[in-house]
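Each reported figure results from applying straightforward, stated rules to the coordinates on display, with no laboratory input. Please read all numbers here as calculations on a predicted model, not as lab measurements. Neighbour counts are summed over all protein chains in view; Cβ atoms, including those assigned to glycine, are modelled from backbone coordinates with ideal geometry.
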Amino acid sequence: MDAIYYDGKTSQPYDAQVSVFGNSLTINYENGQVVWNISQIDYSSFTGKGKTMLKYGEFPHQYLEFSIDSPLFAALENHLPKRREGFWAFANELAGAGFRGVLITIAIFVAITAGFYFLLLPKIAEYAASQIPMEAEVELGKQFYDSFVGGMEIDEERTKELQAFAKKIDFQTEYPLKFTVVKDKQVNAFALPGGNVVVFDAILEKMKTPEELAALLSHEVTHVKERHSLKGLARGLAGSMVISVVVGDMNAIGNILVSQASNIYELGFTRDMEKEADLEGLEIMYHNKLDPKGMINLMERLHEEEKKYGVDKMPSYLNSHPMTKERIDYISKESKGHSGQKNVELEEIWKKISEK
């Protein structure tokens, strides 16, 4: 039976398949499976307009939304406690008896609460993440690195050359940067909190010039400098993060983030974060007297990948770095009038990387 599922960690809706067996309700969605105890399900205040939304678990709550003409509605009518059904019947009677204004007031309150949870709370969580000292973030980053990269095959030779390549670029940061090449067929690269940048060898195969690699590294290092990965994870764990701030348990914030280390691979940055990484990446290239055309060329190659795979089957890097054509346009505009020069040292190291 079809429904829409909200996991309570983000505001993202997921298409879900739901089945009812005994006193259990099983929800299958793209990130896995959850099981609800039907006796512990509560009706949400968002019921109305032909839809029902169920609430489950401790704060931040999970939700399940489906239409009242859905087979799921009929199936659950026989399982959910009658007292909850009676409450909504009583509420409908009140509405018909002239208490509509009260219900509207309740609806407004619910809307404000939802707005706080889905809009303001992630911002507060981002702020909480930004208050973590750099030293603590670096230690967190090591745990993220061990958790994720530890299960992948590292290309030791290319990693050595990539480290040498990166040392020739002044990224203008105090973060202890570390660059790793892993063997994987996906066109991907991402930044971990604290200074680790992971590059999949498949994306190296797409590049033709050292300036393109410099552009990629400048973009990813900006994610590190601006703490985008940390903030992105915090947004997804907003409720738990803010509770930790309220009770003054800053150590708990680190524990919460590390517990989600495996999710870093699927992390998607906001549009503003991506644009910031692009434009600050350009500034790094200007500072190092590198041709900004390298970033445009990189984006054009990624755009070709978009067209080849299609929107629904794009590699992970492209899924988390959307709107490549739009990015080409504003990068071209911002870099107009800027030029660079060949860097002999980068050229030599690039030859070694590209020939591996």
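Taking 26 Å as the straight-line reach from the Cα of residue 55, the lysines in range (excluding those fewer than 8 positions away in the same chain) are 9, 82, 123. The stretch between residue 333 and residue 4, if pulled fully straight at 0.36 nm per residue, gains 114.4 nm over its current Cα-Cα span.
Pairs spanning more than 24 Å between alpha-carbon atoms, out of 160/206; 275/307; 142/307; 231/275; 142/325: 142/307; 142/325.
Computed from phi, the 3J(HN,Hα) profile of the stretch 168-174 under the Karplus parametrisation 6.51, -1.76, 1.60 (θ = phi - 60°) reads 7, 10, 8, 7, 6, 8, 8 Hz, with x in place of Gly and Pro. For residue 342, the lysines whose Cα comes closer than 19 Å to its Cα, not counting residues fewer than 8 places off in the same chain, are 167, 168, 208, 289, 293, 351, 352.
To the nearest 0.05, what FRET efficiency results for residue 348 and residue 131 with a Förster distance of 30 Å applied to their C-beta separation? Given R0 = 30 Å and the Cβ-Cβ separation, E is 0.10.
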